[in-house]
Amino acid sequence: MSYNKIVVPEAKAALEQFKMEAASEVGVNLKQGYNGELTSKQAGSIGGQMVKKMIEKYENDIKSSK
């Protein structure tokens, strides 16, 4: 059972671009397609950067809506 199901399939390209940007920001060389050679630390830093950016966007959206 896959837990990484994209809820909005049309967003797949945007999510891939977001992942590539996050990888670049943390200094991980990510390529298109399979990246099985990444260490857990590298993969975790990409995911952590993505979450950090999503939280920042949410906080900024809340500020601007008040």
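So which of LYS66, LYS52, LYS12 is without any contact (Cβ under 8 Å) to a residue 12 or more places away in the chain, among the basic types (Lys, Arg) and surrounded by fewer than 10 Cβ atoms within 10 Å (Cβ to Cβ)?
On the way: LYS52 fails: surrounded by fewer than 10 Cβ atoms within 10 Å (Cβ to Cβ); LYS12 fails: surrounded by fewer than 10 Cβ atoms within 10 Å (Cβ to Cβ).
Testing whether each residue is without any contact (Cβ under 8 Å) to a residue 12 or more places away in the chain, among the basic types (Lys, Arg) and surrounded by fewer than 10 Cβ atoms within 10 Å (Cβ to Cβ) leaves just LYS66.
Looking at this structure, is GLU59 free of Cβ contacts under 8 Å to residues at least 12 places away in the same chain, open to solvent by 80 Å² or more (accessible area, probe 1.4 Å) and in a helix (DSSP H, G or I)?
Numbers: free of Cβ contacts under 8 Å to residues at least 12 places away in the same chain: yes; open to solvent by 80 Å² or more (accessible area, probe 1.4 Å): yes; in a helix (DSSP H, G or I): yes.
Yes; evaluated as a whole, the condition is true for this residue.
Mind checking which pairs have a first residue in region 36-47 that is under 14 Å from ALA22 (Cα atoms) and at pLDDT 95 or above and a second that is of a type outside the set (A, V, I, L, M, F, W, C) and open to solvent by 40 Å² or more (accessible area, probe 1.4 Å), Cβ under 7 Å, 6 or more apart or different chains?
ILE46/LYS19
Quick one: in region 33-49, of everything that is in a helix (DSSP H, G or I) and of a type in the set (A, V, I, L, M), which residue is least open to solvent (accessible area, probe 1.4 Å)?
ILE46
The values are calculated or read from the model by the stated rules, or taken from the named source; none is laboratory data. Quick caveat: nothing in here was measured; it's all calculated off a predicted structure. As a convention, Cβ positions derive from the backbone with ideal geometry for all residues, glycine included, and neighbour counts pool all protein chains shown. These area figures cover heavy atoms from the full protein model, side chains too; ligands, DNA and RNA do not enter into them. Shrake-Rupley method; radii C 1.70, N 1.55, O 1.52, S 1.80 Å.
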